[in-house]
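Beneath this line is the structure, given in structure tokens, with notes to follow.
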Amino acid sequence: MSAGAINPADTAEISFLGQKAAQELDEDLMGPLGFSVDQLMELAGLSVASAIAAEYSITSFPRVLVLAGPGNNGGDGLVAARHLYHFGYIVSCCYPKRTDKQLYKKLVTQCSSLDIPFLEIDEVLAQPLSSQADVVIDSLFGFSFKGTPRPPFDGLIKAMVENDGGSGTVATSSAAPSDGSRNRASDVATVRRPVIVAVDVPSGWDVEQGDVSHSGLSPDMLVSLTSPKFCARYFEGVHHYLGGRFVPPQIVEKYNLKLPEYPGVSQKMKEDVYF
């Protein structure tokens, strides 16, 4: 087994990756195997959007707020924002620390061309999340993150943790609308608080050991990418999905990966059964 690739048991049907292995795997994909970062980001973001649409329909969860960080995880969130718009959701983004890299500038341009609003962080923190969204996508930090979240991201993590006090009930999922139409916010079934969807790694969590800083962030959905990271074993939410249907056989062999088969032509796989 490659260093850092962790299988929970001999009988397990899915593998877990440590931080070092996840970084090396990405380097292999973008090196000898010829993938570009924007290719991987597009596939990851589509997987996230597809998983959200599978569990949280626009009938009951029309408003989506994307919290995007400065790196690739944030890029995944911006790609998901674009796809969710085309799926019919009412999308907004908070992207407080932008970069001059052309890839990210283009993602912002793509979202802006769809009139997806970019909110200032002060706007987001000034009011309860429930007044802004039915689904909040946590794409602040991914598997490369180390240390303690700093401003302005610590405030966004705190808002997700508090999430209107964290005491209200939340719907776990809903049936997809029959006509696929965009729904008005007034048509939404009563939801006491928005659901939190984490992209690959809940922000601020240790990639291998989970919420060791005791931040209290506990997302309702986790969308693992490529292969679950070891911290996914500490996930206690309702829905766990795997996204990233692009792993070549060479990667599977090198990292001794055990991955479930994706159904049909789907870009995501529900993983709840493996935990």
Which one of the conditions (1) of a type in the set (D, E, K, R); (2) farther than 24 Å from LEU33 by Cα; (3) in contact (Cβ under 8 Å) with a residue 24 or more places away in the chain does ASP211 fail to meet, given that it meets all the rest?
(3)
Evaluate the following for VAL195: is it of a type outside the set (D, E, K, R), at pLDDT 95 or above and closer than 29 Å to GLY31 by Cβ?
no
Return yes when ILE52 is over 28 Å from GLU208 (Cβ atoms) and of a type outside the set (Lys, Arg) and no when it is not.
no
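Residue-by-condition table, conditions (1) closer than 30 Å to ALA21 by Cβ; (2) surrounded by 11 or more Cβ atoms within 10 Å (Cβ to Cβ); (3) under 20 Å from the mean Cα position of the chain (by Cα); (4) not hydrophobic (A, V, I, L, M, F, W, C):
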| site | (1), (2), (3), (4) |
| --- | --- |
| LEU114 | no, yes, no, no |
| GLU120 | no, yes, no, yes |
| VAL124 | no, yes, yes, no |
| ALA133 | no, yes, yes, no |
| LEU140 | yes, yes, yes, no |
| PHE145 | yes, yes, yes, no |
| GLY155 | no, yes, yes, yes |
Being of a type in the set (A, V, I, L, M, F, W, C) and not in a loop (DSSP other than H, G, I, E, B) is the filter here; which residues of segment 207-252 pass it?
MET221, LEU222, VAL223, LEU225, PHE230, CYS231, ALA232, LEU242, ILE251, VAL252
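The values are calculated or read from the model by the stated rules, or taken from the named source; none is laboratory data. Owing to the predicted nature of the structure, the values given are computational and were not obtained by experimental measurement. A quick note on method: Cβ atoms are made from the backbone with ideal geometry, for glycine too, and the neighbour counts reach across all protein chains shown.
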